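One structure below.
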Amino acid sequence: MNKKIKILIIVIVACVLAYGIFYFTDVHHAEKTATDLLNGTDNVSVQKISNGLWLDGPGNGTSLIFYPGAKNEYTAYLPLFVQLAENGVDCYLVEMPLNFAFFGQDSAEPIIEAGNYSHYIMSGHSLGGVSASSYAVHSNKTDAVVLLAAYPTEKIDKPVLSIYGSEDGILNRESYNKALPLISNLTECVIQGGNHAQFAYYGHQEGDNPAKISHDDQQNQTVEIILEFINNVTMS
């Protein structure tokens, strides 16, 4: 092989590797508001498990397993799900390989195998929601799906709650609307003034629109909507 061609190949491979390293390490890190909850609260203990965190509150019948959005540090979602755990729904925040749920789609399996809950709810934010819904489609161990600014890519017959903010600049509305016929049992809620990033605490996300409500307002509304949905699912 010509020496110049070998050098060109080496340069191309090096560039590809460098880009890959940059892409997968360019993560939206959790802000202090979230990391301050790593030690839990008076009502919720936060325990490290092999693939994430277990938020153990006063409830013992229902658990929610959450897949974070792509390139988002999973601990950034602690404020939302600690609040959910305080209200009776224990939560698992899954730490994904390379911060991509695509690489850990079946992460819920060992959690469910090791758990002892009567009901399991799958959930995910953005691209994490795609993987969470896909797991739910192919598993008979989950009762429902909660999607935050996300949509499924496969037909799903289980109850699905879809929540997104009116100011979301990341969610592809055209793709979202095309996916709706895949859901046979849909509850849809739009948080007026909410955006894409305020479901977590990782700062501004490029391409997102500014929210017109506070973090607390968006997350409080989200918790109330999820609790009502889970109550309807588990009581039916």
message: Two decimals, Cα atoms only, Kirkwood Rh: what is Rg/Rh over the chain?
response: 1.03
- request: Taking the Cβ of Val137 as the centre, find all other residues whose Cβ is under 11 Å away and add up their charges (Lys, Arg: +1; Asp, Glu: -1).
  value: 0
Across Lys32/Lys178; Lys155/Lys212; Lys32/Lys158; Lys178/Lys212; Lys48/Lys155, pairs whose alpha-carbon gap is larger than 31 Å: Lys32/Lys178; Lys155/Lys212; Lys32/Lys158; Lys48/Lys155
Long-range HN-HN contacts of Gly52 with modeled amide H, under 5 Å: Glu95
message: Could you compute the net charge surrounding Ala30? Neighbours are other residues with a C-beta less than 11 Å from the C-beta of Ala30; K and R count +1, D and E count -1.
response: -2
- line: Diffing the stretch 196-202: the Karplus 3J(HN,Hα) column from phi (6.51, -1.76, 1.60, θ = phi - 60°), in whole Hz with x for Gly and Pro, holds 7, 7, 7, 6, 9, 10, 9
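Only the coordinates and a few stated rules stand behind these numbers; no lab work does. These figures come from a predicted structure and were not determined experimentally. Positions of Cβ are generated from backbone atoms using ideal geometry, with glycine treated the same way; all protein chains shown enter the neighbour counts.
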